[in-house]
Amino acid sequence: MRSGAKVAIVGGVFAVVAGGVGYGGYNLWNGVTGGDSTVNTRSEAVPEKRSGPVTPEETTATAKDFLAAWAAGESDKAAQLTNDPVTAGPALLAYKEGAKVSKAVIVPGTPVGTKVPFTVKATVSHEGVSKELSYASELTVVRGTTTGRPLVRWLPAVLHPKLTAGATLRTGTAKVASVRAVDRNGVELTKEKYSSLGVIIDTLRQRYGAEAGGTTGVETWIESDAGTVADTTLLVLRKGRPGTIETTIDAGVQAAAEKAVKAYSQASVAAIEPSTGAIRAVANSPAEGFNAALEGAQAPGSTMKIVTAAMMMQQGVAMPGSTVKCPPTVQWDGYTFHNLEDFEINGGTLTDSFRRSCNTAFIKAITPLKAKGIHNTALGTTARDSFGIGLDWQVGVTAGDGSVPASESVETAASYIGQGKITMSALNVASLSATVKNGGFLQPYLVAKKYGDREFATAAPLSPGVAKGLRGMMNAAATNGTAAEAMAGVPSPKGAKTGSAEVGNQATSNSWFTGYSGDLAAAAVVQSGGHGGDAAGPVVARVLKAG
């Protein structure tokens, strides 16, 4: 073995260190070949093709060979030990040359079946500066379909757990200046303290770093394919001078939101100041990855009855004190809709049906609108013109606008109770409550208009009668309805609406809840959380109390 690369046993496991500046391209195992092909670099006869599950011995040996070749900087050899050498080769080469990794120590852990975990300590060197990038990943050994050889199943995440298809690792002068994001009071917002803001801070830097007036540094980052998402910084070799970006986040409310969603494996919450539209908190569990609180697109369940009730008042179907029917079930185009446990309300008002979340009362509202020929479109019109749903929201970071499309037949009935084709995020639903509290829609935003020279979406204000009626119904739900338990202890003036949304073949419905207290409105969704007041309700209440 040549002296440029060293093989050692570290803590009872195999490790490889590629020595010197650069990898050196040393051949650690003569004759080791791979790839899902029939190529054989040896002079001996091609061995008999094996079949069946990969054995533990094959798993250990294949992982050892692959990690050794990778650590030695032999990208071609490492690629040939995968089931997709054509894709793996350039990715492994980019790790060495594009990411400027001058040395790598890779330590495999104990295999679990055909999976082998490992840790990487990579030394990144650029412009006279070197720093260590440490992380953990794993690989899986599979049997090649053509050769029968045990091979590493190629995935970009083998190189780094945050690496996805089409993305690559890069080291160099950062493309944009670093930023220092601060909350409404000047408190610094860091990814380490507010993990749900990590993606947002990266996006703010990508979009507005130049405007913030900072200088660039030297970094290692994950560059997405065609710049479709913000680059993810992995290591800072030399800091630039950060510019400051003021956000609307309230650090105290954000901390409460992050803590609240951690109680669930999948949950999102967003909070808005009704009087301004300023976003005070955005939190997700899990914190990293897809920002569901802003970009989610799910059926909002009975929280949609806020919009349906507004539509009923605007169209003269019913007012809060009007008597409406709430039977246990109702049919629409051959489909039977039920109330929870088939409850009914005899002689009740629209407010009673709202506070108890009666599905049938809101579906029966379709009948008078059908005579006008607007039953398939009226809900979407109200959502857009009065609540801003579906308009082009310029939040400052990536966010969905919500969707209430025209519908027909059974989907129309389902849409009136927040099912069908309707999709919203926690931010969209929080905006429903904010619009009610404020008496009109103000587009939510995370950074001021000056960043990116943006124009905010606008909608007509609610009429005084409709706004007052909605606030009264939401207050009834919060004090003497389905939301009362969750909202107990939340300061007045307050209002709320519960929701649960059935999704596909999901055994338990998603839990939705939205409400306001004083000048703060919030909404949360908990995947498979069941009734709105049970899971999402406590999340929203905790956020409102923090405001």
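All of the numbers you see were taken from the coordinates with simple rules; none came from a lab. A quick note: this is a predicted structure, and the numbers were derived from the prediction, not measured. Reconstructed Cβ throughout: ideal geometry from the backbone, glycine too, with neighbour counts over all protein chains shown.
General observations
- Overall form of the chain per C-alpha gyration tensor (a/c, 1.5; a/b vs b/c): prolate
- Across the chain, the relative contact order, built from alpha-carbon pairs under 8 Å that are at least six residues apart, equals 11 percent.
- Share of alpha-carbon pairs per 5 Å distance bin for segment 64-223, given as whole %: 2, 8, 15, 19, 17, 13, 10, 8, 5, 3, 1, 0, 0
- Amide H contacts under 5 Å for THR423: SER403, restricted to partners 5 or more places along the chain or on a different chain, H placed in the peptide plane at 1.01 Å from N.
- Near LEU340, once Lys and Arg are set to +1 and Asp and Glu to -1 for all other residues with Cβ below 14 Å from its Cβ, the sum equals -2.
- Helical content alone sets the calculated 222 nm signal of the chain at -8000 deg cm²/dmol, taking -39,500 (n - 2.57) per DSSP H segment of four or more residues and averaging over every residue.
- Pairs beyond 27 Å (Cα-Cα), from LYS77/LYS103; LYS77/LYS191; LYS262/LYS497; LYS191/LYS421; LYS370/LYS421: LYS77/LYS191; LYS191/LYS421
- Selection from CYS326, GLY518, ALA460 lying farthest towards where the dipole of segment 252-546 points positive, charges on Cβ: GLY518
- Rounded if a/c under 1.5, otherwise prolate or oblate - segment 394-547, Cα gyration tensor axes: rounded
- FRET efficiency for the pair ASP225 and ASN346, taken as 1/(1 + (r/R0)^6) with r the Cβ-Cβ distance and R0 = 41 Å, rounds to 0.10.
- Spin-label pair THR381/SER528, simplified geometry with 7 Å Cα→Cβ offset, distance in nm: 4.1 nm
- Per-peptide packing, taken as the mean over residues of other Cβ atoms within 10 Å, places 112-121, 538-547, 520-529 in the sequence 520-529, 538-547, 112-121 from highest down.
- One decimal place: the segment LYS325-SER275 gains 14.5 nm when fully extended, by the rule 0.36 nm per residue minus the C-alpha distance.
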